[in-house]
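Q: My questions all concern the structure below.
The values are calculated or read from the model by the stated rules, or taken from the named source; none is laboratory data. If you're wondering where the values come from, they're calculated on a predicted model, not measured in any experiment. Cβ: placed from backbone, ideal geometry, glycine included. Neighbour counts: every protein chain shown. Accessible surface is based on the protein model in full, side chains and every heavy atom, while ligands, DNA and RNA are left aside. Shrake-Rupley method; radii C 1.70, N 1.55, O 1.52, S 1.80 Å.
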Amino acid sequence: MRERHASRNARRAREFEAFVAGAAGRLLHAATLLTAEAPDANPRARRLLALSLAHTYADWDRLHGEDPYDRARQHLATRFARAAWHRYGALGRTRRHPAGPLGGLAPQERLLLVLRLYEGVAEEQTAALLGLPVERVRTICDRAAAALLRPPPSPARPVTADARAATP
């Protein structure tokens, strides 16, 4: 009995190690986009990834044919949403400007953009995962994408008397 149990645990560990070897890079990149940290200095993203992989490993025997990547991504998204809620009071109140490419967006906007555009999760699945209406997911995602495409405001140059005189 012990030998069979040990064999099952060893097989489980090998399967999980193979999964992590293939998926950890993409999941870390998604976590780094979520936390809006710089790719070379991302302790919050690494912690987020470690916690979601730990939950995935705990669920490993109960996956029964499910995609472990989907489960890890779900843990990543829900843990980020919960942490952002506790940290900022809501998913969209604070607009800190971290160093990452999505740093100008609110946490909820980052979460939806990463799930929808980077991970390719359907609107319906994203809405179900986060408990939002599909229309709200679409609206937030569109607004966030528009904010990313908008050029940053340029510093205003003072208008001098010479410049006013030169204009017709």
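Q: What helices (runs of 4 or more DSSP H) completely inside the stretch 1-93 contain at least 2 residues that are at pLDDT below 90 and closer than 30 Å to ALA144 by Cα?
A: In the stretch 1-93, the matching helices (runs of 4 or more DSSP H) lie at 68-88.
Q: Separate question: If a residue has to be more than 17 Å from GLY100 (Cβ to Cβ) and in contact with a helix residue (DSSP H, G or I) (Cβ under 8 Å, 6 or more places away or on another chain) to count, how many in the stretch 1-43 make the cut?
A: 7
Q: Another one. Anything in the stretch 40-63 that is within 20 Å of the chain's Cα centre (by Cα) and exposed (fewer than 14 other Cβ atoms within 10 Å of the Cβ)? List them, or say none.
A: Result: ASP40, ALA41, PRO43, ALA50, ALA54.
Q: State the number of residues belonging to the stretch 116-132 that are under 12 Å from ALA81 (Cβ atoms), open to solvent by 10 Å² or more (accessible area, probe 1.4 Å) and not small (Gly, Ala, Ser).
A: 3
Q: Of all the residues that make up the stretch 112-167, how many are farther than 21 Å from LEU102 by Cβ, of a type in the set (A, V, I, L, M, F, W, C) and either modelled with pLDDT of 95 or more or in a helix (DSSP H, G or I) (or both)?
A: Looking only at that region, the number is 6.
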